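What follows is a single structure, written as structure tokens, with notes after it.
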Amino acid sequence: MIESAELLEVQASLASLGLNVMAAQVPTAAEQAAVRNDSYVTFLHTLLGPEIAARQERWATTRTKLANFPFHKTLADFDFTFQPAVDERLIRELAGLGFVERHENVIFLGPPGVGKTHLAVALGMEAIRRRVAVYFTTAHAMVSDLRQAQIRGTLASRLRVYIRPRLLIIDELTYAPFEGSDATNFFRLISERYEHGATILTANRSYGEWGQVFNDPVLATAILDRLLHHSVTVNIKGGQSYRLKDKARAGIMPVHAEA
Ligand code: ADP
Ligand code: MG
């Protein structure tokens, strides 16, 4: 291995710039380049590649933690043959993330256990892989958080947490019991994100029932109006619960028994 005062200095300089992978690899890389008679550009290219890859990996790890996902599952973990109600081609197209670029929305509708949260998380993980900042929340957690913020007088700054991410995932919309100013806060959020950020929503009730969910038919219409204007609905109608598939197969319970 090449060892010289100059090389040690180069290593120290790289480390001081935070280029630790390059610092560690420069002795071997320099030696290999000399043996192979590589051009200066090839040498730099060989040295930079792993540094960039490590940086990307760190970014993705940090971002995945910050995204607040309930679990880490990808599209590769999703069994499309189990759920023929899901259009695989459409999901693959969504994974191309054009909807994020265009600030559009994706809404997964369907009964419990059919993979709505899984697909939402998988699209979120794909977005992080492509350096998009993602934040996951349940509707219930978000509206409670905003309600608390309103009481403390910090609503505007708290709203920014949900407005800022390029992709926001709001899970289980229709399990949230909306009360007081929840629907108004939700409307404010959706209005702020409208045509500025992409949102994925999951819900177990059809649009016609959203008036009851929000406890306010007028606001529900205004919310739906903005959400659906640029959106794709993935309706997993008649889908079977993946959670109950083994039980159903064993004849312990019917497939639609989960509430
Ligand atoms: P939902 O949000 O529609 O209630 P989830 O996405 O939480 O359902 O799915 C329930 C569980 O079953 C999760 O652990 C999920 O990863 C898994 N799951 C659901 N559908 C599939 C599928 N088609 N292939 C693999 N795993 C699935
Ligand atoms: Mg779910």
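The values are calculated or read from the model by the stated rules, or taken from the named source; none is laboratory data. For clarity, every value in this text was computed on a predicted model and none was experimentally measured. Note: ideal-geometry Cβ built from the backbone for every residue, glycine included; neighbour counts use all protein chains shown. Calculation scope for accessible area: heavy atoms of the full protein, side chains included, ligands and nucleic acids excluded. Shrake-Rupley method; radii C 1.70, N 1.55, O 1.52, S 1.80 Å.
Data overview
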item: Over the chain, relative contact order from alpha-carbon pairs under 8 Å, at least 6 apart, %; result: 22
item: The chain - percent of accessible surface contributed by carbon and sulfur, probe 1.4 Å; result: 54
item: Spatially proximal lysines relative to Lys245 (Cα-Cα < 24 Å; intrachain offsets below 8 disregarded); result: Lys73, Lys116, Lys237
item: Residue-by-residue Karplus 3J(HN,Hα) for the stretch 204-211, coefficients 6.51, -1.76, 1.60, Hz, glycine and proline x; result: 9, 10, 6, 3, x, 9, 5, x
item: Where Rh is the Kirkwood radius over Cα pairs, Rg/Rh for the stretch 5-65; result: 1.06
item: Distribution of pairwise C-alpha distances over the chain, 5 Å bins, in %; result: 1, 6, 11, 13, 14, 12, 9, 7, 6, 6, 5, 4, 3, 2, 0, 0
item: Net lengthening on full extension, Ile151/Ala53 (0.36 nm per residue, minus Cα-Cα); result: 30.8 nm
item: Top positive-direction residue, dipole computed over the chain with Cβ charges, set Ala53, Gln83, Val143; result: Val143
item: HN-Hα J in Hz across the stretch 112-121 - Karplus 6.51, -1.76, 1.60, θ = phi - 60°, x for Gly and Pro; result: x, x, 8, x, 4, 5, 4, 5, 5, 5
item: 5 angstrom amide H check on Ser231, placed H, neighbours 5+ away; result: Asn105
item: 222 nm mean residue ellipticity, helices alone, for the chain (DSSP H n ≥ 4; -39,500 (n - 2.57); rounded to 500); result: -16500 deg cm²/dmol
item: Residue-normalised accessible area of the chain, given per residue in Å² at a 1.4 Å probe; result: 54
item: Computed over the stretch 5-65: relative contact order in percent, which uses C-alpha pairs under 8 Å that are six or more apart; result: 30
